[in-house]
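Read through the structure below, which is laid out as structure tokens, and then see the notes.
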Amino acid sequence: MEPESRFIDVDGVLIHVLRWPRPGAPPLLLLHGTGFLADLWRRAVDGLHEHYDVAAVDVRGHGRSARPDQGYGLAEMAGDIPGVFDALGWRDAYVAGHSVGAALAFIVAARRPELVRRLFAVEPIVPTRFRRTAGTAQGAGGGMADAVRERMRRRRAAFPSRAAVAERWRDRPVFAKWDARVFDDYVQHGFADLDDGSVALRCPPAIEVQVFESSSDFDATPYLRDVRCPVLIAQAERSDPWVAAMIATAAALLADVERITIPGTSHFAPMEAPGLVAEEIRAFDAAAR
């Protein structure tokens, strides 16, 4: 099912939303990770839209949403999401987020509890001061942070064509285990057409770096403590050690939390196993009914 595409003006910032409408079904909002876009949820939605009224958001600076000069702190990015709820007329929704998208979901649930009834967090990036004060590398701390930041800055942003993107990226380790359909969605929708016939990433590397630096310095502690809805944290089987440590600390701060492991996956679980992630999203909600 091809989604509807619309733009929502949130305090002067145009936020792009994909919608798979199902009147009368419970609402489900999907939030992507840093550098990606709403379209990467398409294959998971294949297993969800029969059960939910689904919307997926391009957070600011990503996908087709606006790219303001500033506002890439996690709290600021999360501040756009209630405006999406208002425009859709939604309350008491199920929210699923991946990576930094999960962090945004936690912030929204803490600030506006009437908006979020349940929360599904895949590999959430939620740094806390407790990990820092313990002297443990968290997030992409220390030398790892420098390496990740440098890799983002050096990322090639433009290519002669989408075919050139596919040829260059398909066999790279980060994409090698992606579901082929999700990879094709990224090549198709993650790049904008330029006037000269070439294509460019819809999330420029400079914005990705800003979000990364913001998440590295962010303290999610007060938000995690204020989340009162049921939460399921889905950790990848091959989760990076620093993410696993972050997840353990976050889980200890949440009032109502369950944890599962998604077998055979890395941090990019929604891209590698979209059908399985969709099944787990459904199962967590079905268990409450």
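The values are calculated or read from the model by the stated rules, or taken from the named source; none is laboratory data. Remember, it's a predicted structure, so these values are computed and weren't measured experimentally. Counting neighbours? That spans all protein chains shown, and the Cβs are built from the backbone with ideal geometry, glycine included. These area figures cover heavy atoms from the full protein model, side chains too; ligands, DNA and RNA do not enter into them. Shrake-Rupley method; radii C 1.70, N 1.55, O 1.52, S 1.80 Å.
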Query raised in the report: Among the residues of the stretch 222-234, is any farther than 27 Å from His62 by Cα, in contact with a Ser or Thr (Cβ under 6 Å, 6 or more places away or on another chain) and at pLDDT 95 or above?
Result: no
Query - Condition broken by Cys203, with the remaining ones in (1) assigned to a helix (DSSP H, G or I); (2) within 16 Å of the chain's Cα centre (by Cα) satisfied - result: (1)
Report task. Please specify each residue of the stretch 226-250 satisfying the condition of being within 18 Å of Val95 (Cβ to Cβ) and in a helix (DSSP H, G or I). Result -> Asp226, Ile247, Ala250
Report task. Given the conditions (1) within 18 Å of Phe212 (Cβ to Cβ); (2) open to solvent by 10 Å² or more (accessible area, probe 1.4 Å); (3) in contact (Cβ under 8 Å) with a residue 12 or more places away in the chain, report the number of the one that Gln70 does not fulfil. Result -> (3)
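When you scan the stretch 197-208, do you find a residue that is open to solvent by 80 Å² or more (accessible area, probe 1.4 Å) and modelled with pLDDT of 95 or more, even just one?
no
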Report task. Consider only pairs whose beta carbons are under 7 Å apart and that are at least six residues apart or on different chains; among these, list those whose first residue lies in the stretch 244-255 and is closer than 18 Å to Arg228 by Cα and whose second residue is open to solvent by 30 Å² or more (accessible area, probe 1.4 Å) and part of a helix (DSSP H, G or I). Result -> Thr249/Phe130; Thr249/Arg131; Leu253/Arg225
Query raised in the report: Under 7 Å by Cβ, and 6 or more places apart or on different chains, what pairs join a residue from the stretch 49-63 that is under 18 Å from Glu4 (Cβ atoms) and open to solvent by less than 10 Å² (accessible area, probe 1.4 Å) with one that is among the small types (Gly, Ala, Ser) and assigned to a strand (DSSP E or B)?
Result: none
Query raised in the report: Is it the case that the stretch 209-217 has a residue that's open to solvent by 50 Å² or more (accessible area, probe 1.4 Å), in a helix (DSSP H, G or I) and touching a Phe, Trp or Tyr at 6+ places or on another chain (Cβ under 7 Å)?
Result: yes
Report summary line: Checked pairs for the stretch 97-123, first within 12 Å of Leu30 (Cβ to Cβ) and assigned to a strand (DSSP E or B), second among the hydroxyl-bearing types (Ser, Thr, Tyr) and modelled with pLDDT under 95, C-beta under 8 Å and 6 or more apart or across chains, list as none
Query raised in the report: Do we find that Ala87 is open to solvent by 40 Å² or more (accessible area, probe 1.4 Å), over 24 Å from Gly275 (Cβ atoms) and either in contact with a strand residue (DSSP E or B) (Cβ under 8 Å, 6 or more places away or on another chain) or touching a residue at least 60 places away in the same chain (Cβ under 8 Å) (or both) in this structure?
Result: yes
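Looking at Gly275, Gly264, which one is in a loop (DSSP other than H, G, I, E, B) and either of a type outside the set (A, V, I, L, M, F, W, C) or open to solvent by less than 30 Å² (accessible area, probe 1.4 Å) (or both)?
After applying the criteria, what remains is Gly264.
Can you find a residue that is free of Cβ contacts under 8 Å to residues at least 40 places away in the same chain, closer than 29 Å to Gln235 by Cβ, within 14 Å of the chain's Cα centre (by Cα) and open to solvent by less than 10 Å² (accessible area, probe 1.4 Å) anywhere in the stretch 31-40?
Within the stretch 31-40, one or more residues are free of Cβ contacts under 8 Å to residues at least 40 places away in the same chain, closer than 29 Å to Gln235 by Cβ, within 14 Å of the chain's Cα centre (by Cα) and open to solvent by less than 10 Å² (accessible area, probe 1.4 Å).
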Query raised in the report: Assuming Gly33 fulfils every condition listed in (1) over 25 Å from Asp184 (Cβ atoms); (2) touching a Ser or Thr at 6+ places or on another chain (Cβ under 9 Å) apart from one, which condition is it?
Result: (1)
